[in-house]
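Please read the structure below before turning to the comments.
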Amino acid sequence: MQFKIETERETDGRWIAEIPEIPGALAYGNTESEAKTNVSALASRIIAGEKELHSYQDELVRKGLEDVRRGRLVSHEDVIRRIRKKAAS
């Protein structure tokens, strides 16, 4: 996957790079190249974190469906507790 990296030179001489399609993907560098490298690395971490989060969500949905199939009703609070417990581990 490729994203457009936008760069701009700040008044203090540092470079800032941003990937607008990825919220939070914004990084500084002493050179334009360094800023691009930094924002690319950050974007990779953001995307990996999103994938992990979706994996947890998929697992929770699967477990919730299993509980419903077994006749155990699952409340919204139960789902929230599971998400928090999984995130803490």
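A few notes on this one:
- Near Ile46: Cβ cut-off under 14 Å, other residues only, Lys/Arg at +1 and Asp/Glu at -1. The net charge is -2.
- Computed across the chain, the Kirkwood radius stands at 15.7 Å (inverse of mean 1/r, all Cα pairs).
- Summed over qualifying helices (DSSP H, 4 residues or more, each -39500 (n - 2.57)) and divided by its residue number, the chain shows a 222 nm mean residue ellipticity of -20500 deg cm²/dmol.
- Relative contact order of region 6-88, pairs being alpha-carbon contacts under 8 Å that are 6 or more residues apart, as %: 17 percent
- Total lysine pairs in the chain at Cα distances under 16 Å, for residues eight or more apart or on different chains: 4.
- Under a model in which nothing but the beta-carbon of Lys, Arg (+1) and Asp, Glu (-1) is charged, region 6-88 shows a dipole of about 860 debye around its Cα centre.
Since every read-out is calculated from the coordinates, none of them should be taken as a lab result. Model, not experiment: these values are computed from the prediction. Note that we place each Cβ from the backbone using ideal geometry, even for glycine, and neighbour counts take in every protein chain shown.
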